[in-house]
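**Student:** Sharing a structure below in structure tokens format, with a few things to ask.
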Amino acid sequence: MTEEVIDQSSPPPDPDPIQNPNPAIHPRRVPFEHGLLPIPNLLFTDPIQTLAPIKQKLASSATNNRVGSPAISEALSISSDHARLVLETLASVLHSETDPLVVAKPEEVDSIGADVRDLVLFMYVQSYKRLMPRTHKDSAAVADVWPSASAFDGYLSALSPIQLVRSNSRRFMPSPADEEAHQLSYLQKHMANIISLLADPVEGEGDESSVLSLESFEHIRFLLHFGDKGSDVPSLSQATPFFKNSNPAMPAVPVPASQVHDWLLKKIASAMENISDRISGKENGPSNASGQEAATAVASEALNKVSSNDRGPCIIEGVSKTSLFKQASDLKGRSVKVANCHDSVIYLLAPLRYATVYGCSDSTIVLGAAGKAVRVEHCERVHVIAATKRICIANCRECVFFLGVNQRPLIVGDNHKLQVAPYNTFYSHLEEHMTEVGIVPTINRWNEPFALGAVDPHDSLSHPTGASDKQSESASFVDPNQFTNFLIPNWFAGEALGSTKDNPFPLPDAYLAVQQSSLKNLEETRQSLRETPLEENRKRELTTAFHMHFKDWLYATGNVRQLYCLQGD
């Protein structure tokens, strides 16, 4: 296969919401992708019957309609650690960047707490089950170019991540349109319950009559947004016929909950119809290729897909045996999904909001600065280097994580032989990107992994429905003697450099001592070679020997590919 650094064209410009009087409705993806926790007491078989009394209990102990860790722990009968995890996870997926919980310092999170309405919606969506990966449209073609089944197959478990995601069934990540349709379908089914949890009863008219205030209606932004991006219509109520012309100086008149429900269902149905037409058009589109040409085209598409759209994340899918580099101008402020990549090195050196790594194997993935959350799922033998506020690792094997992380790394699902280590690299704009997205270099909790249930009830891929009854396997620490710095190539030497000259995350003493010892040994070796009297021909022989050993190492580790990619630039 030709080895190359894949480039991506610029995304289309954002549409002007003012010129779009009837913006489309979309689900907010992040609560479904980064906000699910396999905590048994958050999994309700009948959410409305269970959550209604819990909401009342939370409201009774709230201050300014906000509750902290103690109230959450008591209302849900969960530990203080789990209550803190609920708050941190909710903060990472909230729709408002100015919410007090989002901007809270780590030591303030427990006391500031969450808005009860956001918390109730967060707990409700814990009943969501992710969409099954789809089978590729031409499995035979992909089988010719994709890696073979995992070495774990038939050895440790039948639930090997790569076997489940690819192997014999050659399953691929659902498209953004598939996922959006699935999330809308879930919201369509549960919207009556969701609205009832936000609504207030009308005095004297019984339990069947309820109204929704403008303030409560705005909290539906946790689940839905209008326009081509969430920021296009900053006030959800301004997109509605019943709150649109409210006088800002006067309290808005509450609206019957049934009216809000009917209007949202119509909007969701219209959006689902549009998505269905879009998916159908892609599947039934004209094709001039036939036979082997078609198979080759399908395989090429799968292995070289780097795509984006104006709403969802940038998707990097099917990269194999190559190096890929993205910088801030490609990805700034965006979310990224890296899916089904094999035997590659992928650099995403940019300030990001969310990042997902899914179904990858035998690769190294370097994430610049992810200010909200990172999720790594169904991966094998992958090294992930990430500076982030929080990370969730699910159903992975033999993976190593080099982390600069402000919150405890969360480990869920069926994992085997995971390792964690402190952050081990830098690039010139790293500290600038970390500051932009709010990552604090003085806080690194890489060595405090938090293992939850081994059964993930939200994952349709490998686990049956039901609460977790066994703790997930945690991660061990990389031996300090095996810890090495990762050098990021200077891909664009002509561009302006940033101020970062070293790893911004302080190394623990044991790792720092080994690093200093290695540097000392290297300098002593250099000094010894400089001072050893050798004839010119002996010097040339020694230099040649060093070069040969270095070359052998490059080929043995696969790093020679990166040199080819650099030369190609």
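**Student:** Could you order R84, R538 so the one with the most accessible surface comes first? Probe is 1.4 Å.
**Tutor:** Output order, biggest surface exposure first: R538, R84.
**Student:** Mind checking the full-extension length gain between L534 and K105? Use 0.36 nm per residue of separation minus the Cα-Cα distance, one decimal, nm.
**Tutor:** My answer for the length gained is 148.4 nm.
**Student:** Another one. Run through the stretch 64-110 and list the GluC sites (Glu not before Pro) located in a DSSP loop whose Cβ has at most 11 other Cβ atoms within 10 Å.
**Tutor:** Taking the stretch 64-110 and a limit of 11 other Cβ atoms within 10 Å, the loop GluC sites (Glu not before Pro) found are E97.
**Student:** Between K337 and residues 5 or more places away or on another chain, which pairs have amide H atoms under 5 Å apart, with H built 1.01 Å from N, and which residues are they?
**Tutor:** Here C314, I315, I316, T356 satisfy the definition.
**Student:** Ordering W446, W263 by how much accessible area each has at a 1.4 Å probe, largest first, what is the list?
**Tutor:** Order by accessible area, largest first: W263, W446.
**Student:** Right, another one. Read phi for every residue in the stretch 58-67 and hand back ³J(HN,Hα) as whole Hz from Karplus 6.51 cos²θ - 1.76 cosθ + 1.60, θ = phi - 60°, with x for Gly and Pro.
**Tutor:** These are the phi-based 3J(HN,Hα) values: 5, 4, 5, 9, 7, 10, 6, 6, 10, 10 Hz.
**Student:** Further, regarding this structure: At 0.36 nm per residue, minus the direct Cα-Cα distance, what do A269 and Q527 gain on full extension? Give it in nm, one decimal, please.
**Tutor:** Working: separation 258, 0.36 × 258 = 92.88 nm, distance 7.34 nm.
Using 0.36 nm per residue and subtracting the Cα-Cα distance, I get 85.5 nm.
**Student:** Label-point separation (nm) for F550 and A496, each offset 7 Å from Cα along Cα-to-Cβ?
**Tutor:** Modelled inter-label distance: 3.3 nm.
**Student:** So which of K55/K267; K337/K372; K129/K321; K326/K501; K372/K417; K57/K105 end up more than 22 Å apart, counting from Cα to Cα? Walk me through the numbers on the way to the answer.
**Tutor:** Working: K55/K267 27 Å; K337/K372 14 Å; K129/K321 33 Å; K326/K501 20 Å; K372/K417 26 Å; K57/K105 27 Å.
From K55/K267; K337/K372; K129/K321; K326/K501; K372/K417; K57/K105, over 22 Å: K55/K267; K129/K321; K372/K417; K57/K105.
**Student:** Mind listing the phi-derived Karplus ³J(HN,Hα) values for the stretch 78-87, rounded to whole Hz, using 6.51, -1.76 and 1.60 with θ = phi - 60°, and x for any glycine or proline?
**Tutor:** Residue by residue, the stretch 78-87 yields 10, 5, 5, 5, 5, 5, 5, 4, 4, 5 Hz.
**Student:** Now for a separate question. Could you give each residue of the stretch 438-444 its phi-based ³J(HN,Hα) in whole Hz, using Karplus coefficients 6.51, -1.76, 1.60 with θ = phi - 60°, and x for Gly or Pro?
**Tutor:** So the J values, rounded to whole Hz, are x, 8, 9, x, 7, 10, 9.
**Student:** Rounded to the nearest 10 Å², what accessible area does L265 have for a 1.4 Å probe in the complete protein model?
**Tutor:** 50
**Student:** Just to be sure I understand the model, the point goes 7 Å from the Cα along the line to the Cβ. What's the resulting R278 to K417 distance in nm?
**Tutor:** According to this spin-label approximation, the distance is 4.1 nm.
The values are calculated or read from the model by the stated rules, or taken from the named source; none is laboratory data. Every value quoted in this text rests on a predicted model; they were computed, and no experiment measured them. So basically every Cβ, Gly included, is an ideal-geometry build from the backbone, and we count neighbours across all protein chains shown. The accessibility values were calculated without ligands, DNA or RNA, using every heavy atom of the protein model including side chains. Shrake-Rupley method; radii C 1.70, N 1.55, O 1.52, S 1.80 Å.
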